[in-house]
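Data block below; observations after.
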Amino acid sequence: MPKLKNHAGGKKRFRKTATGKFTHRKAGRKHLLTPVSASRKHDMRHVGVVTPESNKGKILAKYLPMAK
């Protein structure tokens, strides 16, 4: 059986929690933040969560088979 490998792009962007969910940073926090309202910036500070039962979670489970 071939070696299992993590997806290189996925391991930079997603992290697996102890409960099996995946967390990721939200987009839009790098530059051009002057016209963005404070409440929108505050909302982007929260971590995005992907559950393993969702379609995206199933794809991530294939991308990151050896995620800790």
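Things worth noting here:
- Residue ID - surrounded by the fewest Cβ atoms within 10 Å (Cβ to Cβ), chosen from residues in the stretch 15-34 that are touching a helix residue (DSSP H, G or I) at 6+ places or on another chain (Cβ under 9 Å) and not in a loop (DSSP other than H, G, I, E, B): His24
- Of residues in the stretch 35-57 being within 18 Å of Ala67 (Cα to Cα) and small (Gly, Ala, Ser), the one surrounded by the most Cβ atoms within 10 Å (Cβ to Cβ): Gly57
- The set of residues in the stretch 1-14 that are of a type outside the set (Gly, Ala, Ser), out of contact with any strand residue (DSSP E or B) (no Cβ under 8 Å at 6 or more places or on another chain) and either in a helix (DSSP H, G or I) or surrounded by 11 or more Cβ atoms within 10 Å (Cβ to Cβ) (or both) comprises Lys5, Asn6, His7, Lys11, Lys12.
A short reminder: the numbers here are calculations on the coordinates, not readings from a lab. Just so it is clear, the structure is predicted and the values come from calculations on it, not from any experiment. Don't worry about glycine lacking a Cβ; one is built from the backbone with ideal geometry, like all the others, and counts go over all protein chains shown.
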